[in-house]
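K.L.:
Dropping the structure in here first, questions after.
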Amino acid sequence: MKSTGIVRKLDELGRVVLPIELRRTMDLNIHDTVEIFVEDDKIILKKYHPACIFCGDARDVTTFKGKLVCVNCLRELQGR
């Protein structure tokens with residue numbers, strides 16, 4: 001893990017502001033979604049990319065009965 005040297009305090013609601021330089025570097029824009037992971041004593045933020053529920057591939061996903069499925073898994077489900 002790489003340190004940015006940036007330190008921020010939580011506000012009274014538990015929020016943290018990500019500096020504009022970091023948002024630009026990570027291509028995070030207003031209303032983008034971020035996934036939150038916890039590993040030991042670390043909180044990890046990752047830009048959210050919707051992915052297939054079967055294989056985890058984020059390319060060419062479509063919604064099938066309310067779930068995200070990639071084209072390859074959809075073909076497999078259809079028996080092709």
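K.L.:
Hey, got a sec? Which chymotrypsin sites (Phe, Trp or Tyr not before Pro) in region 2-77 land in a DSSP loop and have at most 13 other Cβ atoms within 10 Å?
P.N.:
For chymotrypsin sites (Phe, Trp or Tyr not before Pro) across region 2-77 that sit outside H, G, I, E and B with at most 13 neighbouring Cβ atoms in 10 Å, the list reads Y48.
K.L.:
Summing Lys, Arg as +1 and Asp, Glu as -1, what charge do residues with Cβ under 15 Å from the Cβ of F64 carry, F64 excluded?
P.N.:
+1
K.L.:
Just how large is the dipole of the chain about the Cα centre, in debye to the nearest 20, putting +1 at every Lys and Arg Cβ and -1 at every Asp and Glu Cβ?
P.N.:
In total the dipole reaches around 240 debye.
K.L.:
In terms of Cα to Cα distance under 23 Å, which lysines are near enough to K46, apart from those fewer than 8 places away along the same chain?
P.N.:
Here the lysines satisfying the reach criterion relative to K46 are K2, K9, K67.
K.L.:
Go ahead and estimate [θ] at 222 nm for the chain from helices alone: -39,500 (n - 2.57) per DSSP H run with n ≥ 4, summed, over the residue count, rounded to 500.
P.N.:
Result for the chain, helices only: -4500 deg cm²/dmol.
K.L.:
Then there's this: Averaging sequence separations of C-alpha pairs under 8 Å and six or more residues apart, then dividing by the length of region 6-54, give the relative contact order as a whole percent.
P.N.:
22
K.L.:
Report in % the part of the accessible area of region 5-71 that belongs to carbon and sulfur, leaving out ligands and nucleic acids; probe 1.4 Å.
P.N.:
That share works out to 56 percent.
K.L.:
Moving on to the next point. A51: net charge of surrounding residues, Cβ under 14 Å, Lys/Arg +1, Asp/Glu -1, itself excluded?
P.N.:
+1
K.L.:
Continuing with this model, one more query. What residue among I43, G56, Q78 has its Cα farthest toward the positive end of the dipole of the chain, where the charges are +1 on Lys, Arg and -1 on Asp, Glu, each on the Cβ?
P.N.:
Ranked along the dipole, the leading option is Q78.
K.L.:
If I model a spin label at F54 and L68 as a point 7 Å from the Cα along the Cα→Cβ vector, what separation in nanometres do I get?
P.N.:
For F54 paired with L68, the spin-label model returns 1.6 nm.
K.L.:
Given the C-alpha centroids of region 40-80 and region 1-20, what is the distance between them in whole angstrom?
P.N.:
What the calculation gives is 30 Å, centre to centre.
K.L.:
Over the chain, with the other protein chains present, what is the accessible area per residue in square angstrom, probe 1.4 angstrom?
P.N.:
Result: 92 Å² per residue.
The values are calculated or read from the model by the stated rules, or taken from the named source; none is laboratory data. Computed from a predicted structure; not experimentally measured. Cβ coordinates were reconstructed from backbone atoms using ideal geometry, including for glycine residues, and neighbour counts include every protein chain displayed. These accessible areas exclude ligands, DNA and RNA; they are computed on the full protein's heavy atoms, side chains included. Shrake-Rupley method; radii C 1.70, N 1.55, O 1.52, S 1.80 Å.
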